[in-house]
Amino acid sequence: MMPEKKDNYKWWLLALLWVTYFLQQGTRQMYGAMLPQIKAYFSTEGVTDVQLGLVVSTFVLVYAFAVPFAGITADLLRRKWVLVLGTLLFSVGIFISGFATTIGLLLITYSVLNAIGQSMVPSPSTSLIAQFHKETRSTALSIYQMALYIGIVICSCVSGWVSGLGAGSWRWAFLFFGAFGIFWFFVLLFFLRDTPSEAKVSNQATAPGEKEITTGQTTSAPSVPAGKTTFVELVIAILSKPSFLLMTLGFGMCLYGANGYKTWMTDYLKESFTSLTSTTAAFHAVFWFFAGALVGITIASRISDRIAKKRPAFRMEMNCIGLAMAAPFVLLVAYAPQFGLVACCTALFFYGMAQGVYDSNFFAAIYDVVEPRFHAAATGIFCCGAFIIGSFAPPVLGWMNQHLSMRLGFSSLAVFYLAGAAFIMIARLFFLKKDFVK
């Protein structure tokens with residue numbers, strides 16, 4: 001039975017959302033972990049590397065266009081129900097992907113239905129965390145982000161192992177994780193509280209100075225005009241912030257690099273080290289990177305929460321540092337295989353550490369420039385723009401693998417990380433002071 005103490009609910013909330021994010025992100029990486037087996041299965045259809053990359057690209061594009069609507073809906077209605085419905089949809093999409101017999105069917109189940117469901121998870125989740133965790137925002141969001149790392153490692157390793165059991169065995173990984181997601185839908189349905197968002201609360205006519213309950217504690221009413229928040233007001237309030245737009249571009253550059261790496265790293269390792277099995281290639285592709293990310297995000301989040309109280313710009317500065325650090329290490333990842341597996345795994349670890357430094361503040365930083373009542377919508381728009389940019393990486397790297405080399409493809413990702421750092425630095429230097437929400 002869940003404790004009733006209001007002071008403890010924010011941590012129970014974080015635990016529920018953590019598992020949800022574990023499933024969402026972990027199942028998203030399954031495709032890359034099983035790509036060698038999926039590629040072999042569909043080889044009789046004449047499927048090319050570009051087409052295989054388009055499965056991920058289509059997923060990312062559908063996700064990108066759906067996520068802002070999920071965020072806006074979560075702010076204007078109820079965050080719980082957007083989150084719960086999304087969990088059910090992506091779990092069903094993953095489950096029925098196990099029955100796909102053609103690449104076209106996989107596009108419908110994995111790239112479309114799964115993407116629509118997954119798009120409904122991050123906006124209500126991160127905005128709920130920000131709503132309940134005021135002084136511990138970076139720490140709470142970083143703990144939440146750890147679910148991504150652990151989920152990807154576990155789901156990738158399990159999927160890689162299952163897919164190596166025999167022809168068509170990759171289907172069982174989809175069936176298992178999809179079924180678990182459907183079970184978790186019922187857990188959320190019964191244990192997640194139906195908490196009103198700040199936007200929902202601000203829509204109530206509250207006189208200045210009145211008290212209202214928003215997160216289980218008594219707080220002053222938001223200093224916003226009474227009346228209903230409209231769609232136009234919501235979008236203008238977010239898009240009128242140059243720093244928000246520049247951080248979105250920075251996130252897009254980061255996602256381009258991350259999507260390219262996550263989709264093709266297992267295949268790259270298997271081609272570079274022919275002695276590796278499917279299971280070990282999937283393990284090395286994700287474990288060392290996300291072990292480094294776990295170290296990076298743990299250290300950076302604790303430092304950020306302490307320093308940001310006196311220096312609000314520090315969250316954005318950590319974003320710049322993380323992306324700038326990633327550039328040289330992604331180059332090392334590209335060229336390390338010629339020096340051996342140990343060198344490659346070491347490069348992946350430090351590449352992941354740089355990613356963790358960025359991840360420690362990428363949501364927390366945008367919440368510094370957006371009013372709390374618009375957090376879910378801002379998350380959706382933020383993800384939409386970034387995921388559109390990131391969607392091009394899988395097929396582009398697939399084309400480079402066929403016509404040039406995967407090493408050159410991975411090397412090109414460094415340019416995008418440097419560009420992302422530059423966009424965020426411009427936001428920090430020229431727009432943060434004006435855009436910051438106190």
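The values are calculated or read from the model by the stated rules, or taken from the named source; none is laboratory data. Note that the coordinates shown come from a computational prediction; the quantities given were computed from them, not determined experimentally. Positions of Cβ are generated from backbone atoms using ideal geometry, with glycine treated the same way; all protein chains shown enter the neighbour counts. The protein model used for the area step is the full one, side chains on, heavy atoms only, and it has no ligands, DNA or RNA in it. Shrake-Rupley method; radii C 1.70, N 1.55, O 1.52, S 1.80 Å.
Worth a mention:
- Within the span defined as the stretch 350-360, one or more residues are in contact (Cβ under 8 Å) with a residue 24 or more places away in the chain, open to solvent by 20 Å² or more (accessible area, probe 1.4 Å) and in a helix (DSSP H, G or I).
- Which numbered condition Ala324 fails, given (1) within 19 Å of the chain's Cα centre (by Cα); (2) modelled with pLDDT of 85 or more: (1)
- Residue match in the stretch 282-302 (condition: at pLDDT below 50, open to solvent by less than 30 Å² (accessible area, probe 1.4 Å), assigned to a helix (DSSP H, G or I) and not hydroxyl-bearing (Ser, Thr, Tyr)): no
- Just one of the listed residues (Phe185, Phe95, Phe177, Phe90) is more than 15 Å from Arg28 (Cβ to Cβ) and not aliphatic (A, V, I, L, M), and it is Phe185.
- Residues satisfying the stated conditions in the stretch 57-71, i.e. of a type in the set (A, V, I, L, M) and open to solvent by 20 Å² or more (accessible area, probe 1.4 Å): Leu61, Val62, Ala66
- The set of residues from the stretch 210-266 being modelled with pLDDT under 55 and either at positive phi or assigned to a helix (DSSP H, G or I) (or both) comprises Gly216, Gly227.
- Filter result for the condition that a residue is modelled with pLDDT of 75 or more, closer than 26 Å to Ala140 by Cβ and among the aromatic types (Phe, Trp, Tyr), over Phe59, Phe69: Phe69
- Residues being under 24 Å from Leu413 (Cα atoms) and free of Cβ contacts under 8 Å to residues at least 60 places away in the same chain - total across the stretch 295-320: 1
- Scanning the stretch 29-55 for residues that are within 19 Å of the chain's Cα centre (by Cα), closer than 21 Å to Phe283 by Cβ and at pLDDT below 80 gives Gln29, Gly32, Ala33.
- Annotation: of all residues in the stretch 406-425 being open to solvent by less than 20 Å² (accessible area, probe 1.4 Å) and modelled with pLDDT of 90 or more, the one that is farthest from Gly257 (Cα to Cα) is Ile424.
- The residues of the stretch 12-39 that are part of a helix (DSSP H, G or I), among the aliphatic types (A, V, I, L, M) and touching a residue at least 24 places away in the same chain (Cβ under 8 Å), listed by number, are Leu13, Leu14, Leu16, Leu17, Val19, Leu23, Met30, Ala33, Leu35, Ile38.
- When we screen Leu413, Leu397, Leu429 for residues that are free of Cβ contacts under 8 Å to residues at least 12 places away in the same chain and either part of a helix (DSSP H, G or I) or over 30 Å from Gln131 (Cα atoms) (or both), the only hit is Leu429.
- Qualifying residue in the stretch 327-343 (condition: part of a helix (DSSP H, G or I) and either within 20 Å of the chain's Cα centre (by Cα) or under 22 Å from Thr58 (Cα atoms) (or both)): yes
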